[in-house]
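S.K.: Just dropping this structure here.
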Amino acid sequence: MAVNFVCSFATLCCLALWSFTRTSGASYGPPLPSTVKPGFPVPVNTNNPGVRKAARFGVYRYNNSSNDLFLFKESQIKKAMVQIVRGLKYMLHVEIRRTVCEKREHSSLDSCHFQRKKNLEQMLRCYFEVWIMPWLEKVYVPVARCH
């Protein structure tokens with residue numbers, strides 16, 4: 001029963017993510033500064049739309065792998081770097097917080113508010129590596145570490 005729920009939830013999140021990327025009208029990657037050279041990681045503004053989207057991919061990965069009853073959402077992107085390697089590889093330091101949305105509700109993270117009940121509040125510091133290959137419309141999150 002639990003395995004079916006996890007598989008169903010993961011599938012639903014993937015479909016939501018695919019829908020999000022297809023309907024948002026935005027490309028996978030940000031407009032990068034002209035100083036970005038292939039192979040060298042460079043700092044990028046944490047408000048960059050590509051960085052924000054990459055952080056959301058990292059959060060989806062965390063939510064799919066956690067046993068928490070509630071969904072988490074990014075509250076602050078502390079540091080972001082990008083590297084051009086067969087696509088864009090984002091290296092992100094992100095703070096995520098527990099929301100009021102339960103996983104079984106399949107809520108859109110955009111409509112989920114952060115927990116305000118003191119006994120349910122939780123903040124985690126995460127490091128995500130998100131590899132985006134826009135020409136293949138593929139996203140991989142090989143690293144999602146939170147503590």
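S.K.: Looking only at the range 72-112, how many residues end up being surrounded by 15 or more Cβ atoms within 10 Å (Cβ to Cβ) and over 12 Å from the mean Cα position of the chain (by Cα)?
M.R.: Result for the range 72-112: 16.
S.K.: Go through (1) modelled with pLDDT of 90 or more; (2) part of a helix (DSSP H, G or I) one by one and return the number of the condition Glu95 breaks.
M.R.: The single condition Glu95 does not satisfy is (2).
S.K.: Another question, if that's okay. For the range 74-84, which positions are of a type outside the set (D, E, K, R) and either within 18 Å of Arg61 (Cβ to Cβ) or in contact with a strand residue (DSSP E or B) (Cβ under 8 Å, 6 or more places away or on another chain) (or both)? Step through it out loud before you land on a result.
M.R.: Here is the first cut: in the range 74-84, the residues of a type outside the set (D, E, K, R) are 75-77, 80-84.
Hits for the range 74-84 are Ser75, Gln76, Ile77, Ala80, Met81, Val82, Gln83.
The values are calculated or read from the model by the stated rules, or taken from the named source; none is laboratory data. As the structure is a prediction and not an experimental result, all values here were calculated from the model. Here Cβ is always computed from backbone atoms with ideal geometry, including for glycine, and neighbour counts include all displayed protein chains.
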